[in-house]
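The values are calculated or read from the model by the stated rules, or taken from the named source; none is laboratory data. Please read all numbers here as calculations on a predicted model, not as lab measurements. Here the Cβ positions follow ideal geometry from the backbone for every residue, glycine too, while neighbour counts run over all protein chains shown. These accessible areas exclude ligands, DNA and RNA; they are computed on the full protein's heavy atoms, side chains included. Shrake-Rupley method; radii C 1.70, N 1.55, O 1.52, S 1.80 Å.
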Amino acid sequence: MSQPPPLDERAAAPRPTPKRGVLDIAPYVPGKSMIEGVEHPLKLSANENILGSSPKAREAFAGAIDQLHMYPDGRAGILRTAIAETFGLEPERLVFGCGSDEIFQLLNQAFLEPGDNIVQGEFGFGAYAIGARACQAEVRMAPEPGYRIDVDEMLKLVDARTRLVFVANPGNPTGTWISADEVRRLHDGLAPSVILVLDGAYAEFVDDPSFSDGLGLARRAQNVVVTRTFSKLHGLAALRVGWAYMPVEIADALDRIRLPFNTSIPGQLAAVAALADTEFQERSLALVNRWRAWLHQQLGGLGLEVTPSAANFVLVEFPRTPDKSARDAEAFLASRGLIVRGVTGYGLPHHLRITIGLEEHNRAVIDALTDFMKG
Ligand SMILES: Cc1ncc(COP(=O)(O)O)c(C=O)c1O
């Protein structure tokens with residue numbers, strides 16, 4: 001057997017290098033979950049469901065204990081049937097993912113060649129761009145005046161190399177949304193070869209009649225993908241279950257490249273149970289509706305600008321004065337055991353994003369910010 005070369009020769013040899021562009025990608029920074037020296041901080045930084053998850057979903061998850069040695073059904077048959085029936089969709093047009101994050105990744109991977117581009121809003125959810133850059137595609141960001149998607153600004157950036165247009169509706173970290181008419185106008189402005197991705201991670205939280213989750217448009221169109229998640233309203237973020245509805249040809253492409261077992265048995269079972277637990281969903285929505293309005297009003301009363309949100313969080317702007325900055329506020333809240341989300345990485349250094357909590361959490365946030373603004 002030949003001996004490995006001596007160490008100094010190896011040091012000079014070329015190293016494995018990731019392909020062009022990968023090391024230029026800024027890694028995704030998740031919401032913090034710890035504060036040094038605080039044993040049980042309150043996490044209001046990741047838009048999780050503050051009520052936890054449905055008791056029925058927890059039961060279903062626990063019921064999977066005897067199946068841990070088994071591979072899951074790679075097509076998530078039970079969940080496919082449940083979603084198709086609940087939303088009135090064709091089962092063969094559904095794709096499941098390890099969170100909806102994986103579905104963005106699959107779309108990028110399947111459709112982007114180096115030199116192509118994606119278009120998104122300037123405050124677009126971070127995962128779209130990471131996947132596109134990994135495919136050596138360009139990421140084009142349209143201005144969002146008033147922190148809201150502007151259809152004309154988006155369309156201005158679309159050209160012959162645009163393959164995907166991403167819109168989170170409502171957006172994260174903005175919480176703002178666009179109407180069904182605006183979505184339709186965006187779609188009308190795209191060539192049939194461009195895919196419009198409507199990310200509905202927070203769609204359930206919107207109750208305005210002019211809003212649509214886009215499933216109706218996707219049903220008719222050849223180039224619309226709607227993504228959804230069990231991570232937010234359903235409180236199953238740890239189980240990583242997302243799904244998407246799309247033309248059957250796109251589903252076929254994604255199914256060819258996804259990992260064969262990308263959702264787990266406990267995840268599928270818990271998701272099916274969560275979908276059926278409308279009582280838990282209604283309770284979660286009622287909590288968010290009530291305390292979102294209260295937080296908005298209280299924060300406004302402190303002289304802070306709040307972006308009108310349709311999701312389970314609010315985006316708050318802080319003064320640009322040195323000791324009242326968003327950074328100072330984040331540190332002050334942390335000193336009270338409250339973790340919120342700094343959004344500098346989204347180009348919003350003067351804002352914080354705060355997940356809506358239980359009554360006592362929301363009151364603790366307002367008490368802390370009252371002291372912070374006074375101090
Ligand atoms: C707008 C938006 N889309 C998608 C996701 C991804 O959710 P998941 O991968 O958990 O389904 C998130 C998570 O924060 C989000 O905020």
- Lone qualifier among Phe166, Phe125 - being within 11 Å of the ligand (Cβ to nearest atom), open to solvent by 20 Å² or more (accessible area, probe 1.4 Å) and not polar (S, T, N, Q): Phe125
- Any helices (runs of 4 or more DSSP H) falling wholly within the stretch 204-307 and containing at least 3 residues that are in contact (Cβ under 8 Å) with a residue 12 or more places away in the chain and under 22 Å from Ala46 (Cβ atoms): 265-276, 278-301
- Item | Hey, Gln297 open to solvent by 40 Å² or more (accessible area, probe 1.4 Å) and either among the polar types (S, T, N, Q) or away from the ligand (no atom under 16 Å from the Cβ) (or both) or not | yes
- Item | Scope the stretch 247-272; condition within 16 Å of the ligand (Cβ to nearest atom) and out of contact with any His (no Cβ under 8 Å at 6 or more places or on another chain); matching residues | Leu254, Arg258, Leu259, Asn262, Thr263, Ser264, Pro266, Gly267, Gln268, Ala270
- Counted residues, the stretch 43-60 - those being within 16 Å of the ligand (Cβ to nearest atom) and open to solvent by 50 Å² or more (accessible area, probe 1.4 Å): 2
- Message: Just checking, does the stretch 199-214 include any residue being among the β-branched types (Val, Ile, Thr), modelled with pLDDT of 95 or more and farther than 17 Å from Leu285 by Cα?
- Response: no
- Message: I need the full set of residues from the stretch 21-42 which are of a type in the set (D, E, K, R), modelled with pLDDT under 85 and either exposed (fewer than 14 other Cβ atoms within 10 Å of the Cβ) or in contact with a Leu (Cβ under 8 Å, 6 or more places away or on another chain) (or both), in order please.
- Response: Glu36, Glu39
- Which residues, taken from the stretch 115-124, are assigned to a strand (DSSP E or B) and of a type outside the set (S, T, N, Q)? Ile118, Val119, Gly121
- Could you tell me whether Ala127 is small (Gly, Ala, Ser), assigned to a helix (DSSP H, G or I) and modelled with pLDDT under 95? yes
- Message: Need pairs with beta-carbon distance below 9 Å; first residue of a type in the set (Val, Ile, Thr) and within the stretch 136-150, second open to solvent by 50 Å² or more (accessible area, probe 1.4 Å); sequence gap 6+ or separate chains.
- Response: Val139/Arg133; Ile149/Trp177
- Item | Candidate set: the stretch 170-202, residues that are among the small types (Gly, Ala, Ser) and touching a strand residue (DSSP E or B) at 6+ places or on another chain (Cβ under 7 Å); chosen: the one nearest to the ligand (Cβ to nearest atom) | Ala201
- Query: Among the residues of the stretch 273-287, is any more than 23 Å from the chain's Cα centre (by Cα), among the hydrophobic types (A, V, I, L, M, F, W, C), open to solvent by less than 20 Å² (accessible area, probe 1.4 Å) and within 24 Å of Glu360 (Cβ to Cβ)?
  - Reply: no
- Task: Could you figure out which of (1) surrounded by 15 or more Cβ atoms within 10 Å (Cβ to Cβ); (2) out of contact with any His (no Cβ under 6 Å at 6 or more places or on another chain) isn't true of Thr321?
- Result: (1)
